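The values are calculated or read from the model by the stated rules, or taken from the named source; none is laboratory data. Note that the structure is a prediction, hence the values are computed from the model and not measured. For neighbour counting, all protein chains shown are included, and Cβ atoms are generated from backbone atoms with ideal geometry for every residue, glycine included. Please note that ligands, DNA and RNA were not included when accessible areas were found on the heavy atoms of the full protein model with its side chains. Shrake-Rupley method; radii C 1.70, N 1.55, O 1.52, S 1.80 Å.
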Amino acid sequence: AAEEDLADLFELELNKLKNQYETVQREERQERDQKEDEALQRLKELAQRQQQINENNRMKAQQGGSPSSSQTGSAQSQQQIMEQAEQLRRQLQRLSRERSSRQLDEAGKRIQKAIEEMKEALKDSQGRNGAEQSARWQRALQQLNEAAGRLAQGKQAAIKESLDRVAEESGKLVKQQE
């Protein structure tokens, strides 16, 4: 009886430690999920701002203004978007390393491509090549949207993985009960 009591006590203590460990892991996972959600939201906002600037530039060009002069006026906004995209790319790189996530890594690469297009478009504004500049801004927008898609896919994959893990654990518990 003393041996069984000692074994039960040991098992209780082990379960207590396991629960504490799982609680810490869950909190860390929730914090990473929240950071990922915030990154996705920021990325969508950047893409939306880029879309608005592209539309404004196109409308100004259609109204008879020169494309380069209309786009030069938004250069400061474009520079801000580019800087925010760079910050977001660095954040996604950190998250990708923490999670070893292919989707986060891919999203970061898409943002990097968008940044490169933005830099080239800003250079085009100095060269006054309006059509090429518009095309580069459009490609930058496309890359931002693709990055947002990658993040959303990663989120869905993480949810599916969590559900699969819960289902597996539930199955194990059912077998133990039987």
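Which order, highest average first, do 138-146, 160-168 follow once you tally other Cβ atoms within 10 Å for each residue and take the mean per peptide? Please list the in-between numbers first.
Values: 138-146: 21.1, 160-168: 10.2.
Highest-to-lowest ranking by the protection proxy: 138-146, 160-168.
At 1.4 Å probe size, with every protein chain present, just tell me what the per residue accessible area of the stretch 80-178 comes to in Å².
Spelled out: the 1.4 Å probe surface of the stretch 80-178, per residue, equals 62 Å².
Whole-Å semi-axes of the chain's equivalent ellipsoid, largest first, each the root of 5 times a Cα gyration tensor eigenvalue?
With the √(5λ) rule applied to the chain, the semi-axes are 53, 14, 11 Å.
Would you mind checking the pairs 60/109; 35/155; 35/119; 35/123; 113/160 and listing those with alpha carbons more than 21 angstrom apart? Display every interim value, and only then the final one.
Details: 60/109 32 Å; 35/155 11 Å; 35/119 27 Å; 35/123 33 Å; 113/160 29 Å.
Listed pairs above 21 Å: 60/109; 35/119; 35/123; 113/160.
Counting only heavy atoms of the protein chains, get the accessible area per residue of the stretch 14-54 (1.4 Å probe) and round it to a whole Å² value.
Values: 2930 Å² over 41 residues.
Solvent-accessible surface per residue comes out at 72 Å².
Which order do peptides 48-56, 102-110, 25-33 fall in by mean Cβ count within 10 Å, highest first?
So the peptides 48-56, 102-110, 25-33, ranked by packing, come out 102-110, 48-56, 25-33.
Report the FRET efficiency, 1/(1 + (r/R0)^6), for residue 55 and residue 33, where r is their Cβ-Cβ distance and R0 is 25 Å, rounded to 0.05.
0.15
In whole percent, and with a 1.4 Å probe on the protein chains, what portion of the accessible area of the stretch 1-117 is carbon and sulfur?
Carbon with sulfur: 46 percent of the solvent-accessible area.
Measure off, as a whole percent, the carbon and sulfur share of the 1.4 Å-probe accessible area of the stretch 126-178, all protein chains present.
Answer for the stretch 126-178: carbon and sulfur cover 50 percent of the accessible area.
Under a straight-distance cross-link criterion of Cα-Cα below 13 Å, which aspartates and glutamates are reachable from residue 44, leaving out those fewer than 8 residues away in the same chain?
Residue 44 reaches 36, 146.
Check cross-link reach from residue 172 to the lysines: straight Cα distance under 18 Å, and skip same-chain residues fewer than eight apart.
18
Percent relative contact order of the stretch 2-117, based on C-alpha pairs within less than 8 angstrom and at least six residues apart?
The normalised contact order for the stretch 2-117 reaches 21 percent.
Count the net charge of all other residues whose Cβ sits under 13 Å from the Cβ of residue 16, scoring Lys and Arg as +1 and Asp and Glu as -1.
Working: positive: 18; negative: 8, 11, 13, 22.
Result for the neighbourhood of residue 16: -3.
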